[in-house]
1. Look at segment A:81-117 and say how many of its residues are within 14 Å of chain B (Cβ to nearest Cβ) and at pLDDT 90 or above.
2. Determine, yes or no, whether residue A:125 is surrounded by 24 or more Cβ atoms within 10 Å (Cβ to Cβ), at the interface with chain B (Cβ under 9 Å from one of its Cβ atoms) and within 14 Å of the chain's Cα centre (by Cα).
3. Applying the selection to segment B:155-169, what residues are outside any helix (DSSP H, G or I), closer than 30 Å to residue B:28 by Cα and touching a helix residue (DSSP H, G or I) at 6+ places or on another chain (Cβ under 9 Å)?
4. Among the strands (runs of 3 or more DSSP E) confined wholly to segment B:237-308, which include 1 or more residues that are in contact with a helix residue (DSSP H, G or I) (Cβ under 7 Å, 6 or more places away or on another chain) and under 18 Å from residue B:442 (Cα atoms)?
5. Out of (1) loosely packed, with under 14 Cβ neighbours inside 10 Å; (2) out of contact with any helix residue (DSSP H, G or I) (no Cβ under 6 Å at 6 or more places or on another chain), what's the single condition that is false for residue B:95?
6. If you go through segment B:209-218, how many residues are assigned to a strand (DSSP E or B) and surrounded by fewer than 24 Cβ atoms within 10 Å (Cβ to Cβ)?
7. Taking only segment B:178-200 into account, find how many residues are in contact with a strand residue (DSSP E or B) (Cβ under 9 Å, 6 or more places away or on another chain) and part of a helix (DSSP H, G or I).
């Protein structure tokens, strides 16, 4: 096993032992949310703000991009994630962070229910949460 | 009556009605059940009432397959057999275990669960299980510790009961009952070196016995029961070559094949969403004064749909390191030791040493106390998913006689070539994947797997449970099994096998309860047969 895999595992365990979907930051803590809305020209920005531990998420996201290089495009990822939430960018921007958070949480659970999962270094993650972290890695 | 075989004169021929070879769980259950008859019963036990290193070393052998425990450590060779280190886990097999299963080769017993059900209750008594209730719903209702419930029911809970530690050593518990019976004679230090049939080869005439001191004698009997364990049973049959060149009952090259264990290894780590997750249901704990333990298992519908073998997951929590370290603290352990001594009215040994440890590390005592006495409330860092498989019956997984190594009696030692299959691996992988999906779907956390279908090796911690099964498997077809549904060796009129070597599949339960139930069923069969003859 090489060092990067070890580091990645450490990051992932740090991130995920905080609690699976609870890795999504509580909306109340996303203080930067409102001010960042203006940045919607950056693909997926409202989504990426939902994750509190950005450094760890970036490591997982990088692993996802290595496994699925064809998704290595921020715009594509953002559209894919929003599409899976039945949203487009305008609707996402209009949603309160709590609502977006809830939709994402539900989608992640649906992913697990429907076996839409991805295996990264042994971790079994929802496809949507993995894509979200990939988006962070690209941001 | 007890006779030390060392005192039996050389070349003496002993006659009896029923000869039981081995005094482990099966042998003792048989002897006790048959002690109520008028038949003369002889038990031939290799060991004595206590552990003896020289006798134990007769069990030495070589592992040539998947790394396994040293063979002389995986079983015990004295009165009581391997129950002398039994963990006490009891749960009956299920209907599902006995049927032929689509996609899983060599499954399907010649008996159904209903054939053995009448004996499970008595077997539970024998194993000192106080509650004959095995339904999960009953225990979940009684239990204050909550179990997980998954919406789409792909994962179920399974309960095992645990025999109290004071009741597990059948050699101690049943010694008086067996040795006091007037019609039972127990020969200690009596090693069976071969089973000899008549000239036609269809009936056993006698067994040959040797002691480590050198005297040899024979035992003639109307019926013989081989109950020496899942490795020694095939060994004795393979050693019995006087009339059968390939060994007794081995006309179809099946003796020793299909060796099964319940392989167990850490298939993954579960990182819970909350470090306050409650796992008490999945650790050994008492409910209504009965010790039980919960496991997660794949639901039957999943096993059938995906053609997987049975998989059980034991949840073993790992706590934050500071609590683990605190439990090892010398100060805390010294304090506990001193308090225990004083509560028994004794002055602690090395009082000043223990006192100084407490005094110099006093600031860590609160953490020690919290860790020790509130273990169920400690923050959980992660949970090890220790996986146990009902391994696929595999003819290439086998017990063989060594071509070069011999024991103190001059007999070939065994070699164990334990093998697992791709289907075993796929079952473990799918189980972990399904658990991960269930944990994720229910917001419980995430799972990191430690095993993959592309692995060439099994996880480094792969081991067994000292469960040696399948080596004289049961089948109606002599080309598929060594014994028939009555546990009689195919082609031999008066030779039976007892113990887990007759298991056709390893089963979802721990073996001891079923070993005893099958032994009691065999005792009934013998009683009826001998009464009619």
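The values are calculated or read from the model by the stated rules, or taken from the named source; none is laboratory data. Source: prediction; values computed, not measured. All Cβ positions, even for glycine, are placed from backbone atoms using ideal geometry, and neighbour counts span all protein chains on display.
1. Going through segment A:81-117, the residues within 14 Å of chain B (Cβ to nearest Cβ) turn out to be A:101-102, A:104-117.
Next, from what is left, pick out any that are at pLDDT 90 or above: A:106-117.
Qualifying residue count, segment A:81-117: 12.
2. Taking the combined requirement at face value, the residue satisfies it.
3. B:158, B:159, B:161, B:163, B:168, B:169
4. By residue number, B:264-272, B:290-298.
5. (2)
6. Count: 4.
7. Qualifying residue count for the region: 2.
This table checks each residue for (1) modelled with pLDDT of 95 or more; (2) assigned to a loop (DSSP other than H, G, I, E, B).
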residue: B:141; (1), (2): no, no
residue: B:145; (1), (2): no, yes
residue: B:153; (1), (2): no, yes
residue: B:171; (1), (2): yes, no
residue: B:176; (1), (2): yes, no
residue: B:202; (1), (2): no, yes
